[in-house]
Amino acid sequence: MREIKTVTILGANGAMGSGSAGVIAAFGGAKVYMLARDVEKAKQGIEAAVASVKTDTIRARMIPGSYDADLEKAVAESDWVFELVAESYEVKEPINIRIAKARRPGTIVSTVSSGLSIGRLAKAYDEDGQKHYYGTHFFNPPYKMILCELVTHSGNDKKVTQALGEYLDKVLGRAVVYTNDTPAFAGNRIGFQLMNEVAHFAEKYADKGGIALLDEIMSGYTGRAMGPLATADFVGLDVHKAIVDNIYENTKDEAHETFKLPGYFQKLIDAGKLGMKSGGGLTKVVKHADGKREKFVYNIKTGEYDPYPKFDIPFIKEARQKIKESNYKAAMDVVKTASGFEADIARYFISRYISYSLSLVGEVVDTKENTDGAMGFGFNWVPASAFVDFLGGPKETIKLMEASKIPVPKLLKDAKEGKKFYELGEKLDARSLFKG
């Protein structure tokens, strides 16, 4: 792989395009062509890139341009063409045809797609182009979220893959996770499985607290900074739908039915209530005349918004206290032994998360360290393998899964008792991801 001195960013005015450009210019020291639909949008992208990395020194290395006037010239000069245009084949494939005609042999081309087939997108290129075509799925915002899923397809060259992975890691400071070309790759496949099934449970328990209850049960003591449904609201219900629909249509694993979009999500999407970006979705915040803000939550049964409730669930309070004391195994012991339907739900989803993460080893990734990295660095969730250790090891985890009627993955059945299951400890301290 050539040294990367010049990079073209396509989609430079978007949040991901400008954020990625900032990282590449700041850490990679590259000259960056910032291309958008018009030069003014490209200039806006440069300003956003500078702001994202908080240094003005990169501005001199960033050149604005438009697709119509500058794409071929920029691509011909570049060592890496990073495409971040809209997430659809209809938009990406015509641009790939233009890139393919202009690129030099040996130039890396990649897409930031979060789930489209990399193999299909690579078909626009000749043999050399396919060898150098990848998915480079950065997470937003790139300066703060360091995960990059490096997605390979059958036409790639292993030496190029290794060299690109080393560049992303050592030069750009990415936590690189290697994934195969499968729907939604690793992070989104695991993360949106949990989020979507939690959404179904919110409907099942709509008369007991619904959305707010499920986010309380799956709150920080279960190893995440934000509840799963708050995360869906943050990402956008339309984006959530696109991801789970893609997985539902293109996979057939044991969790297949959990990827069906809940009806109330579709109802909210149809009404334009897409989440935080639209002013409300599963929740909304209202500012009153006195300046005070009040949070409301969507009532699945009535279709109205109710004041966001507070809950007093004893085992959750106890588990949170153990986490504040940095006693993570004791917190999981509380969860394992607690009574009540809320504790049953917590055990079910912890089991499901571990099971589904480990079940993707072989199909989506080659090692569990890749799924662990995807969830730890990309979602800020405690990785599945770390949960196994906090729960007391493989045997205790299997008992929890069997009690919740969750499939036990072969990787866990074959694991040796008494040995640490989580192996990313030097790179990612999983304890820091629990929230008391």
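Odds and ends about this structure:
- Exposure ranking of E166, E127 by accessible area [1.4 Å probe, largest first]: E127, E166
- The chain - percent relative contact order, Cα under 8 Å, separation 6 or more: 12
- D366 versus E423: modelled label distance in nm, points set 7 Å from Cα along the beta carbon direction: 1.2
- Tilt relative to the chain, helix 89-102 - C-alpha long axis, 0 to 90 degrees, to 10: 30
- Surrounding net charge for S113, when Lys and Arg each add one and Asp and Glu each subtract one, Cβ distance under 9 Å: -1
- Solvent-accessible area per residue, Å², over segment 6-180 with all protein chains present [probe radius 1.4 Å]: 40
- Taking the square roots of 5 times each eigenvalue of the Cα gyration tensor of segment 6-180, largest first, gives ellipsoid semi-axes of 22, 19, 14 Å.
- Residues whose amide H falls under 5 Å from that of V177, counting only those 5 or more places apart or on a different chain, are C148, E149, L150, with hydrogens built in the peptide plane.
- Here the spin labels are modelled as points 7 Å beyond Cα on the Cα-Cβ line, and at M276 and K101 they lie 4.2 nm apart.
- Between 0 and 90°, nearest 10: helix 394-403 axis offset from the chain longest Cα axis: 70
- Estimated at 0.36 nm per residue, the fully extended path between D207 and K395 surpasses their Cα-Cα distance by 64.1 nm.
- Whole-Å distance, taken between Cα centres, linking segment 229-284 and segment 74-119: 28
- Rounded tilt (10° steps) of 314-324 against the dominant C-alpha axis of the chain: 50
- Cross-link partners of K273 among aspartates and glutamates, defined as those whose alpha carbon lies under 16 angstrom from its own and excluding same-chain residues fewer than eight positions apart: D233, D238, E304, D306.
- Backbone geometry of segment 360-368 corresponds, through the Karplus equation with coefficients 6.51, -1.76 and 1.60 at θ = phi - 60°, to 3J(HN,Hα) couplings of 7, 5, x, 8, 9, 10, 8, 9, 5 Hz, x marking Gly and Pro.
- Mean residue ellipticity (222 nm) of the chain, computed from DSSP H runs ≥ 4 via -39,500 (n - 2.57), nearest 500: -13500 deg cm²/dmol
- Restraint check, K260/K420; K144/K419; K123/K159; K301/K399; K144/K410, Cα-Cα greater than 25 Å: K260/K420; K144/K419; K301/K399; K144/K410
- Using C-alpha pairs under 8 Å with a sequence gap of at least 6, the mean separation divided by the residue count of segment 132-258 gives a relative contact order of 19 percent.
- If both residues of a DSSP beta bridge must be in the chain, then about 35% of such bridges are antiparallel.
- Spin-label model distance (nm) - T55 vs R120, 7 Å beyond Cα toward Cβ: 3.9
- Amide hydrogen neighbours beyond the local backbone of Y422, cut-off 5 Å, H modeled: D389
- Mean sequence separation of contacting Cα pairs (under 8 Å, at least six apart), scaled by the length of segment 365-436, corresponds to a relative contact order of 39 percent.
- Accessible surface of the chain, 1.4 Å probe, proportion on carbon and sulfur as whole %: 51
- Using R0 = 51 Å, the C-beta based FRET efficiency linking D312 and S88 works out to 0.65.
- Where a label projected 7 Å from the Cα of R2 along Cα→Cβ would reach, residues of segment 79-105 with amide N under 19 Å: 79-83, 96-105
- Using distinct alpha-carbon pairs, which all enter the 1/r mean, Kirkwood radius of the chain in Å: 22.8
- Spatial separation of Cα centroids for segment 320-376 and segment 7-68, in angstrom: 39
- Net charge of neighbours whose Cβ lies under 15 Å from the Cβ of K54, counting Lys and Arg as +1 and Asp and Glu as -1: 0
- Cross-link table K204/K405; K31/K54; K241/K427; K43/K158; K284/K310, entries beyond 25 Å C-alpha to C-alpha: K241/K427; K43/K158
- Taking segment 128-161 and a reference point 7 angstrom along Cα→Cβ of F27, the backbone N atoms nearer than 15 Å belong to 136-150.
- Each Lys or Arg adds one and each Asp or Glu subtracts one; over the other residues with Cβ under 12 Å from the Cβ of S219, this totals +1.
- Taking A163, A346, A26 in turn, the Gaussian network model of the chain (Cα-Cα springs below 10 Å) assigns the largest fluctuation to A163.
The values are calculated or read from the model by the stated rules, or taken from the named source; none is laboratory data. Model, not experiment: these values are computed from the prediction. Here Cβ is always computed from backbone atoms with ideal geometry, including for glycine, and neighbour counts include all displayed protein chains. Protein only, heavy atoms only, side chains kept; ligands, DNA and RNA dropped before computing areas. Shrake-Rupley method; radii C 1.70, N 1.55, O 1.52, S 1.80 Å.
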